[in-house]
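The values are calculated or read from the model by the stated rules, or taken from the named source; none is laboratory data. Computed from a prediction, not measured in an experiment: that's the story for all the values here. So basically every Cβ, Gly included, is an ideal-geometry build from the backbone, and we count neighbours across all protein chains shown. Quick note on the areas: whole protein, heavy atoms, side chains included, nothing else; ligands and nucleic acids left out. Shrake-Rupley method; radii C 1.70, N 1.55, O 1.52, S 1.80 Å.
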Amino acid sequence: MTEPGEVRASDAEREAVVEQLRVASVEGRLSLTELTDRTEAAYTAATHAELALLVQDLPASSAAPAPAPVPAGEGRKRRWFVGIMGDSKRRGKWRIDQELGAVAVMGDVRLDLREAEVRTDTVDIVAVAVMGDVKIIVPDGVIVDIEGVAVMGDKKVDVLEAAPGMNVPVVRVKAYAVMGDVKVVGDARAQPLQRGLSAWREHWRALHGDDWRAVGRQLRAEGRELRRQLRDDRHRGY
């Protein structure tokens, strides 16, 4: 007879846990890295017991709090980080509950989002680099959407993104580089973040070791290959 916790998880149950994790992040209970780690583990979970591990330290799922209404005629305030012939850095534990802006003029701005509490569904960043550099560090597994213009400069993304179909955090960057660089890099391309061994992670390793990360890497690789094939098919006119 199958134990209750060993019942196989369905896609709908995985998505319900992912939504519970998203709500917990908006409420400030999880950092961006914790949200990304647990979301990835949720999509690779095989049983109810594995899903339960991911939310055992969180309250029961509830509706996400509605954002406060913006008065007519007022736009959302953006939090700015500016480096003019100098450096501006933000890392460690901090709160993101508004849009961000980064301006580097003959200087450097570095924003490390990995330990931030993200109170919004999407992180929106305007990055301007004029003969300087803006570097944004995110957890591998998020979706990065970058657009903008580079004149005698560069804008690029080096992040191991999630496989298609995963409801993972999104980081949107509008980049403007003039003889400068705007870069978005993942955890694997930056100084590794020291992850604490939380209760859910201890139980998960006891069950599987670190296999779930290998599965996640495989899913991301398959996703990148799928996107490459789709681009090739569009170029061929299929």
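Of all residues in region 128-146, those satisfying the criterion of being in a strand (DSSP E or B) and over 17 Å from the mean Cα position of the chain (by Cα) are Val128, Ala129, Val130, Asp133, Val134. Could you tell me whether Lys174 is modelled with pLDDT of 95 or more and either more than 27 Å from Leu53 (Cβ to Cβ) or in a loop (DSSP other than H, G, I, E, B) (or both)? Considered against the rule, which asks whether it is modelled with pLDDT of 95 or more and either more than 27 Å from Leu53 (Cβ to Cβ) or in a loop (DSSP other than H, G, I, E, B) (or both), Lys174 comes out as yes.
Among the residues here, Val170 does not qualify as under 12 Å from the mean Cα position of the chain (by Cα) and closer than 17 Å to Arg110 by Cβ. Filtering Ala150, Ala116, Ala177 for residues that are under 13 Å from the mean Cα position of the chain (by Cα) and open to solvent by less than 70 Å² (accessible area, probe 1.4 Å) leaves a single hit, Ala116. Annotation note: Cβ proximity below 9 Å between a residue of region 118-145 that is among the polar types (S, T, N, Q) and a residue that is assigned to a strand (DSSP E or B) (sequence gap 6+ or interchain) occurs for Thr120/Ile96; Thr120/Glu99; Thr122/Asp145; Thr122/Val170; Thr122/Val171; Thr122/Arg172.
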